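Each remark here refers to the structure printed beneath this line.
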Amino acid sequence: MKKILVTGLSGFIGTRLSELFHRYSLIGVSRSVSRNGRIPARNMIKADITDEKELSKKINNIEFDGIIHLAGITHIDRCEEDKINGKNGLAWKVNVTGTENIIRACSQSGKFLLFLSTECVFDGKKGFYKESDTPSPVNWYGRTKYEAEKKILSSKINACILRSVLVYGHSKGYKVDLAKKFFELLKSGKKISAVNDQFVTFTFIDDLIGAINLAWDKKLTGIYHFAAETSLSPFEFARTISSGFGLNNKMIKQTTLEKFFGKSHRLRLVNSSLNSDKFREFSRTRAKNLEDVVPILVKRWGKPGNIK
Ligand SMILES: NC(=O)c1ccc[n+]([C@@H]2O[C@H](COP(=O)([O-])OP(=O)(O)OC[C@H]3O[C@@H](n4cnc5c(N)ncnc54)[C@H](OP(=O)(O)O)[C@@H]3O)[C@@H](O)[C@H]2O)c1
(Lines give C-alpha, C1' and ligand atoms only; values in the text may rest on other atoms or scores of the structure.)
Protein backbone atom coordinates (compact mmCIF):
# COMPACT_ATOMS: atom_id res chain seq x y z
CA MET A 1 0.00 0.00 0.00
CA LYS A 2 1.23 3.50 -0.84
CA LYS A 3 2.65 5.42 2.10
CA ILE A 4 1.92 9.06 2.86
CA LEU A 5 3.71 11.02 5.55
CA VAL A 6 1.23 13.19 7.45
CA THR A 7 2.51 15.93 9.73
CA GLY A 8 0.00 16.74 12.47
CA LEU A 9 -1.73 13.35 12.15
CA SER A 10 -2.38 13.45 15.89
CA GLY A 11 -4.26 16.78 15.62
CA PHE A 12 -7.95 17.57 15.16
CA ILE A 13 -8.11 17.16 11.38
CA GLY A 14 -5.34 14.53 11.30
CA THR A 15 -7.25 12.26 13.66
CA ARG A 16 -10.25 12.19 11.33
CA LEU A 17 -7.97 11.77 8.32
CA SER A 18 -6.52 8.67 9.97
CA GLU A 19 -10.05 7.25 10.27
CA LEU A 20 -11.24 8.02 6.74
CA PHE A 21 -8.16 7.70 4.52
CA HIS A 22 -8.37 3.96 3.93
CA ARG A 23 -6.61 3.47 0.63
CA TYR A 24 -3.25 4.67 1.89
CA SER A 25 -0.95 3.75 4.69
CA LEU A 26 -0.47 6.91 6.75
CA ILE A 27 2.65 7.59 8.77
CA GLY A 28 2.26 10.44 11.23
CA VAL A 29 4.95 12.97 12.10
CA SER A 30 4.35 14.82 15.38
CA ARG A 31 6.30 15.84 18.47
CA SER A 32 4.24 13.45 20.61
CA VAL A 33 3.52 9.96 19.33
CA SER A 34 0.29 9.35 21.18
CA ARG A 35 -1.27 12.72 21.82
CA ASN A 36 -4.81 11.41 21.55
CA GLY A 37 -4.12 7.68 21.90
CA ARG A 38 -5.95 7.01 18.63
CA ILE A 39 -3.07 6.52 16.23
CA PRO A 40 -1.03 3.34 16.88
CA ALA A 41 2.56 4.24 17.85
CA ARG A 42 3.90 2.03 15.03
CA ASN A 43 2.29 4.46 12.57
CA MET A 44 3.89 7.52 14.15
CA ILE A 45 7.31 9.08 13.87
CA LYS A 46 8.30 11.32 16.74
CA ALA A 47 9.91 14.36 15.15
CA ASP A 48 9.82 18.11 15.44
CA ILE A 49 9.36 19.59 11.97
CA THR A 50 11.31 22.70 13.01
CA ASP A 51 14.43 20.56 13.41
CA GLU A 52 15.55 19.83 9.87
CA LYS A 53 18.32 17.40 10.86
CA GLU A 54 16.08 15.34 13.12
CA LEU A 55 13.30 15.33 10.54
CA SER A 56 15.45 14.18 7.63
CA LYS A 57 17.17 11.54 9.78
CA LYS A 58 13.79 10.10 10.83
CA ILE A 59 12.19 10.08 7.37
CA ASN A 60 15.25 9.30 5.21
CA ASN A 61 14.82 5.54 5.23
CA ILE A 62 11.05 5.59 4.64
CA GLU A 63 9.72 5.16 1.13
CA PHE A 64 6.80 7.53 0.89
CA ASP A 65 4.72 8.92 -1.96
CA GLY A 66 4.35 12.41 -0.62
CA ILE A 67 3.48 14.54 2.39
CA ILE A 68 0.19 15.89 3.70
CA HIS A 69 1.29 18.79 5.86
CA LEU A 70 -1.21 19.56 8.63
CA ALA A 71 1.14 20.39 11.53
CA GLY A 72 0.84 23.92 12.74
CA ILE A 73 0.35 26.30 15.62
CA THR A 74 -3.28 27.14 15.06
CA HIS A 75 -4.61 29.07 18.06
CA ILE A 76 -5.18 32.68 16.96
CA ASP A 77 -4.57 34.34 20.36
CA ARG A 78 -1.55 32.18 21.22
CA CYS A 79 -0.02 32.92 17.84
CA GLU A 80 -0.58 36.63 18.43
CA GLU A 81 1.16 36.51 21.82
CA ASP A 82 4.10 34.95 20.00
CA LYS A 83 4.28 37.72 17.38
CA ILE A 84 6.71 39.66 19.58
CA ASN A 85 9.22 36.83 19.12
CA GLY A 86 9.05 37.15 15.33
CA LYS A 87 11.02 34.50 13.46
CA ASN A 88 12.31 33.05 16.75
CA GLY A 89 8.80 32.42 18.04
CA LEU A 90 7.09 29.03 17.98
CA ALA A 91 4.33 30.08 15.58
CA TRP A 92 6.84 31.20 12.93
CA LYS A 93 9.16 28.27 13.57
CA VAL A 94 6.43 25.64 13.17
CA ASN A 95 4.26 27.31 10.53
CA VAL A 96 7.00 28.80 8.34
CA THR A 97 10.38 27.18 9.12
CA GLY A 98 8.68 23.79 9.61
CA THR A 99 7.01 24.16 6.21
CA GLU A 100 10.36 25.04 4.62
CA ASN A 101 11.76 21.79 6.06
CA ILE A 102 8.80 19.86 4.66
CA ILE A 103 9.32 21.51 1.24
CA ARG A 104 12.98 20.38 1.36
CA ALA A 105 11.94 16.82 2.22
CA CYS A 106 9.60 16.79 -0.81
CA SER A 107 12.08 18.47 -3.08
CA GLN A 108 14.91 16.04 -2.23
CA SER A 109 12.69 13.07 -3.00
CA GLY A 110 10.61 14.64 -5.83
CA LYS A 111 7.40 14.06 -3.88
CA PHE A 112 4.00 15.74 -3.91
CA LEU A 113 2.98 18.07 -1.07
CA LEU A 114 -0.53 18.90 0.10
CA PHE A 115 -0.62 21.83 2.55
CA LEU A 116 -3.71 22.74 4.53
CA SER A 117 -4.10 26.49 4.85
CA THR A 118 -6.71 28.90 6.08
CA GLU A 119 -9.01 31.82 5.27
CA CYS A 120 -6.97 33.76 7.84
CA VAL A 121 -4.57 34.68 5.04
CA PHE A 122 -7.26 37.26 4.11
CA ASP A 123 -8.43 40.35 6.02
CA GLY A 124 -12.10 39.35 6.31
CA LYS A 125 -13.44 42.65 4.96
CA LYS A 126 -14.88 41.38 1.67
CA GLY A 127 -15.61 37.70 2.23
CA PHE A 128 -16.14 34.82 -0.21
CA TYR A 129 -12.53 35.14 -1.26
CA LYS A 130 -11.39 33.49 -4.46
CA GLU A 131 -8.01 31.90 -5.02
CA SER A 132 -7.09 34.94 -7.19
CA ASP A 133 -7.69 37.43 -4.33
CA THR A 134 -4.63 38.89 -2.68
CA PRO A 135 -4.04 37.82 0.93
CA SER A 136 -3.67 40.46 3.61
CA PRO A 137 -3.68 38.73 7.02
CA VAL A 138 -4.84 40.63 10.12
CA ASN A 139 -3.40 38.19 12.65
CA TRP A 140 -0.04 36.51 13.20
CA TYR A 141 -1.51 33.04 12.60
CA GLY A 142 -2.68 34.13 9.13
CA ARG A 143 0.61 35.89 8.46
CA THR A 144 2.66 32.76 9.24
CA LYS A 145 0.36 30.56 7.13
CA TYR A 146 0.62 33.05 4.25
CA GLU A 147 4.42 33.08 4.52
CA ALA A 148 4.35 29.27 4.38
CA GLU A 149 2.15 29.40 1.26
CA LYS A 150 4.61 31.77 -0.42
CA LYS A 151 7.53 29.44 0.35
CA ILE A 152 5.61 26.57 -1.26
CA LEU A 153 4.63 28.56 -4.33
CA SER A 154 8.16 29.81 -4.91
CA SER A 155 9.62 26.31 -4.58
CA LYS A 156 9.76 23.99 -7.57
CA ILE A 157 7.84 21.15 -5.94
CA ASN A 158 4.45 19.86 -7.08
CA ALA A 159 2.14 21.12 -4.39
CA CYS A 160 -1.48 21.82 -3.59
CA ILE A 161 -2.44 24.52 -1.11
CA LEU A 162 -5.94 23.75 0.12
CA ARG A 163 -7.50 26.54 2.17
CA SER A 164 -10.44 25.81 4.46
CA VAL A 165 -12.48 27.52 7.18
CA LEU A 166 -13.45 26.63 10.75
CA VAL A 167 -13.75 22.87 10.59
CA TYR A 168 -16.31 21.04 12.75
CA GLY A 169 -18.08 17.74 13.30
CA HIS A 170 -15.54 15.40 14.83
CA SER A 171 -15.96 14.73 18.51
CA LYS A 172 -13.26 12.18 19.13
CA GLY A 173 -10.12 14.27 18.74
CA TYR A 174 -8.43 15.93 21.67
CA LYS A 175 -9.68 19.33 20.58
CA VAL A 176 -13.41 20.00 21.02
CA ASP A 177 -14.97 21.41 17.87
CA LEU A 178 -17.52 24.22 17.88
CA ALA A 179 -20.51 22.06 16.92
CA LYS A 180 -19.77 19.57 19.68
CA LYS A 181 -19.06 22.34 22.17
CA PHE A 182 -22.41 24.07 21.51
CA PHE A 183 -24.20 20.72 21.59
CA GLU A 184 -22.66 19.65 24.92
CA LEU A 185 -23.36 22.99 26.61
CA LEU A 186 -26.97 23.19 25.42
CA LYS A 187 -27.57 19.54 26.26
CA SER A 188 -26.49 20.17 29.84
CA GLY A 189 -28.91 23.11 30.08
CA LYS A 190 -26.21 25.82 30.04
CA LYS A 191 -26.72 29.19 28.43
CA ILE A 192 -24.35 30.04 25.62
CA SER A 193 -23.36 33.28 23.93
CA ALA A 194 -22.77 33.21 20.21
CA VAL A 195 -21.52 35.98 17.96
CA ASN A 196 -24.01 37.42 15.46
CA ASP A 197 -21.83 39.82 13.49
CA GLN A 198 -19.31 37.41 11.97
CA PHE A 199 -19.94 35.27 8.88
CA VAL A 200 -18.22 31.96 8.44
CA THR A 201 -18.32 29.19 5.83
CA PHE A 202 -18.05 26.48 8.52
CA THR A 203 -16.68 23.28 6.98
CA PHE A 204 -17.77 19.74 7.87
CA ILE A 205 -14.65 17.74 8.66
CA ASP A 206 -15.65 14.62 6.68
CA ASP A 207 -16.20 16.74 3.56
CA LEU A 208 -12.78 18.32 4.02
CA ILE A 209 -11.16 14.90 4.29
CA GLY A 210 -12.97 13.96 1.05
CA ALA A 211 -11.51 17.06 -0.60
CA ILE A 212 -8.01 16.21 0.64
CA ASN A 213 -8.49 12.71 -0.75
CA LEU A 214 -9.51 14.03 -4.18
CA ALA A 215 -6.75 16.63 -4.30
CA TRP A 216 -4.26 13.91 -3.38
CA ASP A 217 -5.52 11.39 -5.96
CA LYS A 218 -5.55 13.97 -8.76
CA LYS A 219 -2.29 15.56 -7.57
CA LEU A 220 -3.91 18.98 -7.92
CA THR A 221 -1.39 21.79 -8.02
CA GLY A 222 -1.88 25.43 -7.07
CA ILE A 223 -4.30 27.01 -4.63
CA TYR A 224 -7.84 25.70 -4.01
CA HIS A 225 -10.52 26.79 -1.55
CA PHE A 226 -12.82 24.28 0.11
CA ALA A 227 -15.60 25.37 2.49
CA ALA A 228 -19.39 25.40 2.79
CA GLU A 229 -21.30 27.27 0.08
CA THR A 230 -23.19 29.55 2.46
CA SER A 231 -21.95 31.51 5.42
CA LEU A 232 -23.53 31.57 8.88
CA SER A 233 -22.89 33.61 11.98
CA PRO A 234 -21.82 31.54 15.00
CA PHE A 235 -25.25 32.48 16.44
CA GLU A 236 -27.05 30.96 13.42
CA PHE A 237 -24.68 27.99 13.62
CA ALA A 238 -25.62 27.41 17.29
CA ARG A 239 -29.35 27.73 16.56
CA THR A 240 -29.18 25.22 13.71
CA ILE A 241 -27.36 22.75 15.95
CA SER A 242 -29.82 23.36 18.77
CA SER A 243 -32.92 22.90 16.58
CA GLY A 244 -31.48 19.81 14.90
CA PHE A 245 -30.92 18.13 18.27
CA GLY A 246 -34.30 19.27 19.61
CA LEU A 247 -32.67 21.51 22.23
CA ASN A 248 -33.83 24.83 23.64
CA ASN A 249 -32.99 27.75 21.34
CA LYS A 250 -33.82 30.21 24.11
CA MET A 251 -30.56 29.24 25.83
CA ILE A 252 -28.56 30.88 23.03
CA LYS A 253 -27.86 34.55 23.56
CA GLN A 254 -26.63 36.82 20.81
CA THR A 255 -23.44 38.76 21.26
CA THR A 256 -20.98 40.67 19.09
CA LEU A 257 -17.38 39.97 18.15
CA GLU A 258 -16.30 42.96 20.21
CA LYS A 259 -18.20 41.90 23.33
CA PHE A 260 -17.17 38.26 23.05
CA PHE A 261 -13.48 38.67 22.28
CA GLY A 262 -12.80 42.07 23.85
CA LYS A 263 -9.66 43.73 22.49
CA SER A 264 -8.71 40.70 20.43
CA HIS A 265 -11.84 41.01 18.28
CA ARG A 266 -9.63 42.86 15.78
CA LEU A 267 -7.77 39.60 15.17
CA ARG A 268 -10.99 37.92 14.02
CA LEU A 269 -12.17 38.11 10.41
CA VAL A 270 -15.64 39.63 10.20
CA ASN A 271 -16.27 37.82 6.96
CA SER A 272 -14.56 34.48 7.32
CA SER A 273 -15.83 32.96 4.11
CA LEU A 274 -14.22 31.39 1.06
CA ASN A 275 -15.53 30.88 -2.44
CA SER A 276 -15.06 27.21 -3.40
CA ASP A 277 -16.21 27.39 -7.06
CA LYS A 278 -12.81 26.40 -8.46
CA PHE A 279 -12.72 23.17 -6.46
CA ARG A 280 -16.38 22.42 -7.17
CA GLU A 281 -15.95 22.94 -10.91
CA PHE A 282 -13.00 20.58 -11.00
CA SER A 283 -14.42 17.89 -8.73
CA ARG A 284 -18.21 18.29 -8.90
CA THR A 285 -18.17 17.99 -5.11
CA ARG A 286 -18.93 20.56 -2.48
CA ALA A 287 -18.86 20.89 1.28
CA LYS A 288 -22.33 20.43 2.74
CA ASN A 289 -24.11 23.29 4.45
CA LEU A 290 -24.84 22.84 8.16
CA GLU A 291 -28.53 21.94 7.76
CA ASP A 292 -27.47 18.90 5.70
CA VAL A 293 -24.79 17.92 8.20
CA VAL A 294 -26.94 18.13 11.34
CA PRO A 295 -28.79 14.83 10.65
CA ILE A 296 -25.38 13.14 10.38
CA LEU A 297 -24.29 14.66 13.69
CA VAL A 298 -27.56 13.61 15.33
CA LYS A 299 -26.89 10.03 14.23
CA ARG A 300 -23.30 10.29 15.40
CA TRP A 301 -23.80 11.93 18.78
CA GLY A 302 -27.39 10.91 19.54
CA LYS A 303 -30.36 13.04 20.56
CA PRO A 304 -30.53 14.02 24.24
CA GLY A 305 -32.12 11.18 26.14
CA ASN A 306 -30.43 8.76 23.78
CA ILE A 307 -26.86 10.12 23.89
CA LYS A 308 -24.03 7.99 22.50
N1 LIG B 1 -9.11 23.35 12.43
C2 LIG B 1 -9.55 24.21 11.52
O3 LIG B 1 -10.68 24.71 11.61
C4 LIG B 1 -8.66 24.58 10.36
C5 LIG B 1 -9.18 25.39 9.33
C6 LIG B 1 -8.38 25.72 8.24
C7 LIG B 1 -7.06 25.27 8.19
N8 LIG B 1 -6.57 24.51 9.21
C9 LIG B 1 -5.16 24.06 9.14
O10 LIG B 1 -5.18 22.65 9.23
C11 LIG B 1 -4.04 22.19 9.93
C12 LIG B 1 -4.48 21.22 11.04
O13 LIG B 1 -5.34 21.90 11.93
P14 LIG B 1 -5.86 21.22 13.28
O15 LIG B 1 -7.02 22.00 13.74
O16 LIG B 1 -5.96 19.76 13.08
O17 LIG B 1 -4.62 21.54 14.23
P18 LIG B 1 -4.32 20.97 15.68
O19 LIG B 1 -5.42 20.14 16.17
O20 LIG B 1 -3.89 22.14 16.51
O21 LIG B 1 -3.08 20.01 15.44
C22 LIG B 1 -1.81 20.50 15.17
C23 LIG B 1 -0.88 19.33 14.89
O24 LIG B 1 0.43 19.85 14.61
C25 LIG B 1 1.39 19.06 15.32
N26 LIG B 1 2.56 19.88 15.59
C27 LIG B 1 2.60 21.10 16.19
N28 LIG B 1 3.87 21.52 16.27
C29 LIG B 1 4.64 20.56 15.68
C30 LIG B 1 6.04 20.42 15.45
N31 LIG B 1 6.92 21.35 15.83
N32 LIG B 1 6.49 19.31 14.83
C33 LIG B 1 5.62 18.33 14.45
N34 LIG B 1 4.29 18.41 14.64
C35 LIG B 1 3.81 19.51 15.25
C36 LIG B 1 0.64 18.67 16.60
O37 LIG B 1 1.18 17.51 17.21
P38 LIG B 1 2.22 17.61 18.43
O39 LIG B 1 1.79 18.73 19.30
O40 LIG B 1 2.16 16.27 19.07
O41 LIG B 1 3.54 17.84 17.79
C42 LIG B 1 -0.75 18.35 16.05
O43 LIG B 1 -0.77 17.03 15.55
C44 LIG B 1 -3.33 23.43 10.46
O45 LIG B 1 -2.19 23.65 9.66
C46 LIG B 1 -4.33 24.56 10.30
O47 LIG B 1 -3.68 25.77 9.95
C48 LIG B 1 -7.33 24.16 10.29
Number of the exception - ASN61 against (1) closer than 18 Å to ASP217 by Cα; (2) open to solvent by 10 Å² or more (accessible area, probe 1.4 Å): (1)
Residue check for LYS219: in contact with a strand residue (DSSP E or B) (Cβ under 7 Å, 6 or more places away or on another chain) and more than 26 Å from LYS126 (Cβ to Cβ): yes
Single match in PHE279, PHE260 (criterion: at pLDDT 95 or above, of a type in the set (A, V, I, L, M, F, W, C) and open to solvent by 70 Å² or more (accessible area, probe 1.4 Å)): PHE260
Matching residues in the stretch 178-198 - criterion: being surrounded by fewer than 21 Cβ atoms within 10 Å (Cβ to Cβ) and of a type outside the set (S, T, N, Q): LEU178, LYS180, LYS181, GLU184, LEU185, LYS187, GLY189, LYS190, LYS191, ILE192, ASP197
Criterion: touching a residue at least 40 places away in the same chain (Cβ under 8 Å) and either more than 21 Å from the chain's Cα centre (by Cα) or more than 11 Å from the ligand (Cβ to nearest atom) (or both) - qualifying residue of VAL167, VAL195: VAL195
Those helices (runs of 4 or more DSSP H) lying entirely in the stretch 7-106 with at least 3 residues more than 12 Å from the ligand (Cβ to nearest atom) and either modelled with pLDDT of 95 or more or touching a strand residue (DSSP E or B) at 6+ places or on another chain (Cβ under 8 Å) (or both): 76-82
Identity of the residue in the stretch 248-257, in contact (Cβ under 8 Å) with a residue 24 or more places away in the chain and open to solvent by 30 Å² or more (accessible area, probe 1.4 Å), that ends up nearest to the chain's Cα centre (by Cα): THR256
Options LYS181, LYS145: the member that is closer than 20 Å to ASN249 by Cα and among the charged types (D, E, K, R): LYS181
Positions within the stretch 200-227 being among the β-branched types (Val, Ile, Thr) and either within 14 Å of the chain's Cα centre (by Cα) or over 12 Å from PHE115 (Cβ atoms) (or both), in sequence order: VAL200, THR201, THR203, ILE205, ILE209, ILE212
First in the stretch 24-37 and farther than 11 Å from SER10 by Cβ, second anywhere and open to solvent by less than 30 Å² (accessible area, probe 1.4 Å) and modelled with pLDDT under 90, Cβ under 8 Å, 6 or more apart: ILE27/MET44
Per-region count, the stretch 120-172, residues farther than 21 Å from ASN275 by Cβ, of a type in the set (Ser, Thr, Tyr) and either open to solvent by less than 10 Å² (accessible area, probe 1.4 Å) or in a loop (DSSP other than H, G, I, E, B) (or both): 3
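Okay, residues lined up against (1) in contact with a helix residue (DSSP H, G or I) (Cβ under 7 Å, 6 or more places away or on another chain); (2) within 18 Å of ASP277 (Cα to Cα):
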| position | (1), (2) |
| --- | --- |
| THR221 | no, yes |
| TYR224 | yes, yes |
| SER231 | no, yes |
| PHE237 | yes, no |
| ASN249 | yes, no |
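Tally up the residues in the stretch 107-119 that are assigned to a helix (DSSP H, G or I) and within 14 Å of the ligand (Cβ to nearest atom), please.
Going through the stretch 107-119 one residue at a time, the tally reaches 1.
The values are calculated or read from the model by the stated rules, or taken from the named source; none is laboratory data. The structure displayed is predicted, hence computed values, not measured ones. FYI the Cβ positions are ideal-geometry reconstructions off the backbone, even for glycines, and counts take in every protein chain you see. Note: areas computed on protein heavy atoms with side chains; ligands, DNA, RNA excluded. Shrake-Rupley method; radii C 1.70, N 1.55, O 1.52, S 1.80 Å.
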